[in-house]
Amino acid sequence: MQQQGSKSYLFSIVLVAVLGGLLFGYDTAVISGAEKGLQAFFMEAKDFHTDGIFLMFEKFIQFLNDTFNWNIQLSTIYNDVLHGLTCSSALIGCIIGSSISGYLATRLGRKKSLIIAGLLFFISALGSMNPEFLFFEYGKPTYSLLIMFNFYRVIGGVGVGLASAICPMYIGEVAPSNIRGMLVSWNQFAIIFGQLVVYFVNFFILGDHIQPLVEEMGKGLAAINPAAQWTVTTGWRYMFGSEAVPAGLFALLICFVPETPRYLVSVGQDQKALGILSKINGSSKADQILKDIKETMTVRTEKLMTYGALCIFVGIMLSVFQQAVGINAVLYYAPRIFGDMGMENPMVVTVFMGVINILFTLVAIFTVEKWGRKPLLIWGSIGMAIGAFGVAVTFGHEGMELVTAISIMVYSASFMFSWGPICWVLISEIFPNTIRGAAVAIAVAFQWIFNFIVSSTFVPMFNMHLTPDDDFGHWFTYGLYGIICLLAALFVWRLVPETKGKTLEDMTKLWKKK
């Protein structure tokens, strides 16, 4: 056995694992560039019906319009509500994938579960690009084709849900304790980098073409600006299909990484675990690490509440707050938000915001082991609150556009050095070994549930009016997010334990003391 651990070996397997994070970001952000072309395409469909469940749904939407003074349009065949559900359908798959991640990670192992995620990414990319495959006439939008498209998006969402739970778990279980926080933070960097990459990819795919205008949609392809017709018929397909390249690469490369030592010990393969630990940590440390792992694995399966309800509650609330602060309302709808502010080219501003996000994610990566998890979360929450309140006060006011844009940047950047990466670090490390798979699955499932809630409620909340001309929805939405940010800071200060420098095996002792 080698006396010294190999950093190059460790970094190579972590690099492959964080590709799952890149696909996570790529898949969730690809819709931002494709959604307008997709909307115009399906508004050409002529076979939607307003009977049965659709009639009930329309009555429900009309009730919301009357009660909250919303203006959700139901006049088109493929309406705004159906388009919102189509844009969010991948999140349904995310909830499913994260919910079953613990079962798959425990039964099949972390590595095999990630291979499955990579294959789901690949199938979803090709299926979303060409949902007509085998069953439908190419280029003819129908209600059945819409269902098939959403089916492929849900498949991709299952892959995202698996990757979102298992990638940080995998990295956390192979990384030495002194650099674990930094390495898990690279997963968040990969998520944000994946979003930035897809912003650029969508920008270059669009090229000289433009997005269709909303007022042109539903009037037939001939009524749409000729420069936008390619976007409607073809552009959105290329955007979704582009994900097949990184997805195929991930599914291939993950086959060559080892299983995690913690999982191998849990299934009785101690010698394999010792070999991997020796490559990563060196033989002198590997024996002691293996001993510590085995001591916490004496009971391979323990009940979820073995270490108390507080342990599970903290993990769940970390996930809830990461989404409830409203960040994905900015990330998913950035082009629309900047467009509503009067920006001439909102995609360029969105790309600039993506660069800012990358830079502040690096702040977390290089400070998490020095400053700790809790200080970054608390200061990030305060920074987000300042940014959110800034948007609430200035959005829509003439002459305040620059202040609004800066507030959005502060809001987003504060998330990127705090809740973005640090939430994943804590979720990957705070649970004891014997319940980690199930506990992480529950925590991440709550994350995707609240992601769906925030993403699906942002537009109707933002467009709320008490009177026809007021800006109630603008300040209410971001004011609410600001208040939640302050509550998140209080939660971290009072309940979240500091895990800097602690081994995964220390978590068993920590929660037994609670």
Compute the length gained on full extension between THR367 and THR67: take 0.36 nm times their separation in residues and subtract their Cα-Cα distance, giving the result in nm to one decimal.
103.2 nm
Starting from 0.36 nm per residue, how many nanometres of slack lie between TYR9 and TYR103 once their C-alpha separation is accounted for?
31.0 nm
How far apart, in nm, are the 7 Å Cα→Cβ label points at LEU221 and LYS140?
1.3 nm
For the LEU85, LYS502 Cβ pair and Förster radius 35 Å, calculated FRET efficiency rounded to 0.05 is 0.25
Could you tell me the relative contact order of segment 385-514? Use alpha-carbon pairs under 8 Å, at least six residues apart, and round to a whole percent.
35 percent
Please work out the FRET efficiency for the pair TRP230 and ILE147, using the Cβ-Cβ distance as r and a Förster radius of 35 Å; give the result to the nearest 0.05.
0.90
How much length, in nm to one decimal, is gained on full extension between PHE133 and PHE352, taken as 0.36 nm per residue of separation minus their Cα-Cα distance?
75.2 nm
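In segment 384-457, which GluC sites (Glu not before Pro) are in a loop and have at most 10 other Cβ atoms within 10 Å, using DSSP for the loop call?
GLU398
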R0 of 30 Å, Cβ-Cβ distance LEU359-ASN463: FRET efficiency to nearest 0.05
0.40
Packing-ranked peptide list from 284-294, 133-143, highest mean Cβ count within 10 angstrom first, is 284-294, 133-143
Cα centroid separation, segment 145-219 to segment 266-294 (Å):
34 Å
Which of the chymotrypsin sites (Phe, Trp or Tyr not before Pro) found in segment 389-467 are in a DSSP loop and have at most 15 neighbouring Cβ atoms, other than their own, within 10 Å?
none
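Order the peptides 83-90, 156-163, 29-36 from the highest to the lowest mean number of other Cβ atoms within 10 Å of their residues.
Ranking, from highest mean packing down: 156-163, 29-36, 83-90.
Every number here is computed from the coordinates shown, using simple stated rules; none is lab data. As the structure is a prediction and not an experimental result, all values here were calculated from the model. Note: ideal-geometry Cβ built from the backbone for every residue, glycine included; neighbour counts use all protein chains shown.
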